[in-house]
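Single-structure report; data block below.
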Amino acid sequence: MAALTAVLRYGTFPLFAFGINALLIGLVGAHAPYWQPLLVLLPAIGLMFAIERLIPWQPSWNLAHGDARRDLLHALVNTAFNHLGVLLLPLLAGLGVWRGLWPQGWPFWAQALLAILVADLGISAVHHLSHKWPPLWRFHAVHHSVRRLYGFNGLMKHPLHQLAETLGGVLPLLLFGIPQPVALALVFCVAVQLLLQHSNADYRSGWLRVLFANAEVHRFHHSNRAGEGDVNFGLFTTCWDHLAGTFHDEAGAAPRAAGAVGLSGGEAWPDAYLAQLVRPFR
């Protein structure tokens with residue numbers, strides 16, 4: 001059992017961040033049928049849930065808090081919107097005013113990596129603004145209302161806030177004429193990253209946590225102590241947090257107690273899916 005624990009603890013991050021993402025990018029780049037990358041993503045979700053139970057960061061976070069159905073609805077709706085956006089990409093081709101600058105001649109994996117880095121900057125910027133500007137915070141608060149961290153939390157977002165983050169990350173790519181297959185690879189990689197970033201698995205990435213926005217550092221972002229959560233805004237990397245001075249990491253200090261995450265100040269927030277969608281307008 002100790003050997004399995006060690007393999008999971010030190011193998012989970014490279015498996016998902018590099019292995020599964022590389023496989024998804026390879027399949028999309030090879031023009032595989034849509035169901036093939038989907039057949040990689042769905043077992044990856046199941047695998048992460050299994051790992052969360054074998055090496056949990058906080059065992060109580062593996063138990064439903066009356067939120068399982070709601071989180072599933074968030075995940076299904078937001079995933080559908082992400083993929084719908086890719087399908088609509090040809091209709092938005094006219095936005096590519098600088099599309100001649102997109103490096104079409106690069107290998108597909110390099111184009112996907114470029115898309116990830118550009119999207120990471122835009123999404124991180126909108127995320128940071130969401131903590132500073134009250135109109136955006138109203139919608140982002142849905143994501144921070146969680147009382148536990150586990151794989152599905154990454155997709156627990158108000159659809160309008162997801163739209164804002166998506167526009168921040170994807171609009172620059174549209175202006176440069178990102179090809180549809182590269183955009184699809186980006187969507188799959190975002191899904192894997194959200195799963196990895198909010199995981200309840202006690203995995204370790206060593207010094208790489210200083211570069212990658214994984215669960216080890218992202219847990220600080222969900223602290224419900226006033227002011228402590230305004231750190232580690234990055235989606236894929238911590239590069240922009242380092243530049244903005246918002247990176248924080250402290251060994252062994254990430255929220256771990258059952259009530260250590262959520263909204264600060266005891267702010268009340270509804271638990272039901274539809275009520276969460278309506279709450280920001282009240």
Given the options Leu42, Leu263, Leu54, state which has the largest fluctuation in a GNM of the chain using a 10 Å cut-off (strictly under) for Cα springs.
Leu42
Under a 5 Å amide H to amide H cut-off, with H placed in plane at 1.01 Å, what residues pair with Ala201 once short-range neighbours are removed?
Trp57
To the nearest 20 debye, region 185-282 has a Cα-centred charge dipole, built from +1 on Lys and Arg Cβ and -1 on Asp and Glu Cβ, of 180
Would you work out which of Thr237, Trp106, His131 lies farthest towards the positive end of the dipole of the chain, given +1 charges on the beta-carbon of Lys and Arg and -1 on that of Asp and Glu, about the Cα centre?
His131
Please check the chain for the longest run free of GluC sites (Glu not before Pro) that are loop-located per DSSP (anything but H, G, I, E, B) and have at most 13 other Cβ atoms within 10 Å.
1-249
Give me the base-10 log of I(q)/I(0) for region 2-281 at each q in 0.11, 0.12, 0.14, 0.17 Å⁻¹, Debye formula, one uniform scatterer per Cα, rounded to two decimals.
-0.61, -0.73, -1.02, -1.54
Residues meeting the amide H criterion for Phe212 (H placed from the backbone, H to H distance under 5 Å, 5 or more places apart or on another chain) are Thr238
Which residue, Pro14, Pro270, Pro33, tops the fluctuation ranking in a GNM of the chain built on C-alpha contacts under 10 Å?
Pro33
What are the ³J(HN,Hα) values, in whole Hz, obtained from phi via the Karplus relation 6.51 cos²θ - 1.76 cosθ + 1.60 with θ = phi - 60°, for each residue of region 250-259 in sequence order, with x given for Gly and Pro?
9, 3, x, 9, 5, x, 9, 5, 4, x
Could you work out which residue, out of Gly151, Gly46, Gly252, moves most in a Gaussian network model of the chain, that is, has the largest mean-square fluctuation with Cα springs under 10 Å?
Gly252
Dipole magnitude of region 2-281, debye to nearest 20 (Cβ charges: Lys/Arg +1, Asp/Glu -1, about Cα centre)
280
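Throughout, read-outs are computed from the coordinates displayed, never taken from laboratory work. As the structure is a computational prediction, the values presented were derived from the model and not from experiment. Quick reminder, even Gly has a Cβ in these numbers, built from the backbone with ideal geometry, and neighbours come from all protein chains shown.
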